[in-house]
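Visitor: Supplied in structure tokens, the structure appears directly below.
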Amino acid sequence: MKKLYLILIALFSIVSSQIFAQNDLEKYSKVKILLDGKSMSEVASLEIAVDHGEYVKGESFTTELSASEIEILKQHGIRYEIIIDDVILHYLKESQKSPVPEKTTRVTNCTPAFTYPTPVNFTYGSMGSYYTYQQILNHMDSLASKFPNIVKAKAQIDTFTSIQGRPIYWMKISDNPNVDENEPEVLMDALHHAREPMSVTQLIFLCITCVRIIIRMMK
């Protein structure tokens, strides 16, 4: 049986404080920065995060900023518009809405579309249907607790930590999770970038699916 390794890369930028940190949260807002002839380099030089967002050349840049970053804009006389005042509250409210109905995956060629069944035990997160940091850890612990003969409990990768000091975890899925067998291995990872929570949602979905497949094969 091929071993399936799960590594959740937690290289969180400052914006991940908005998404994942559990205490002392700084308020984050969705902001449209009005460039007024300024370049993105000028904005970045103020230590404003510009790696993710919606850029309209020469006009504006829309992204999520902390209260302290917004204060920097004020201090340097850069105009801006608040689109969403508190993105955390916004996502919490969105999570209370009915889930979006599942859609059949479409392909661009003539091959019939695939339908991927949702595995048992897969649930959406509370952050706009994505997972918070703690929910990711809970899913990992839950898999290891429910299927100890298939999932090896998460462990920290050496002493490596993210830029904000969080451990970087891995776990193993196999028919013999506690044995280092001489078999092919597959590495799966997610969350290279803090603002891409959809990647770990897909990975959790895949891991639960792999567990279910192994269970069927072992019967």
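Please treat every number below as a calculation from the coordinates, not as lab data. Everything quoted here is computed from the prediction, not taken from an experiment.
Visitor: Scattering from the C-alpha atoms of segment 28-85 alone, worked out with Debye: what is log10 I(q)/I(0) at q = 0.23, 0.26 1/Å?
Guide: The computed values of log10 I(q)/I(0) come out as -0.86, -1.15.
Visitor: Step through the table entries Lys93/Lys146; Lys38/Lys74; Lys97/Lys172; Lys30/Lys97, compare each Cα-Cα distance with 23 Å, and write down the pairs that go over it.
Guide: Values: Lys93/Lys146 31 Å; Lys38/Lys74 15 Å; Lys97/Lys172 34 Å; Lys30/Lys97 20 Å.
Distance filter (> 23 Å) returns Lys93/Lys146; Lys97/Lys172.
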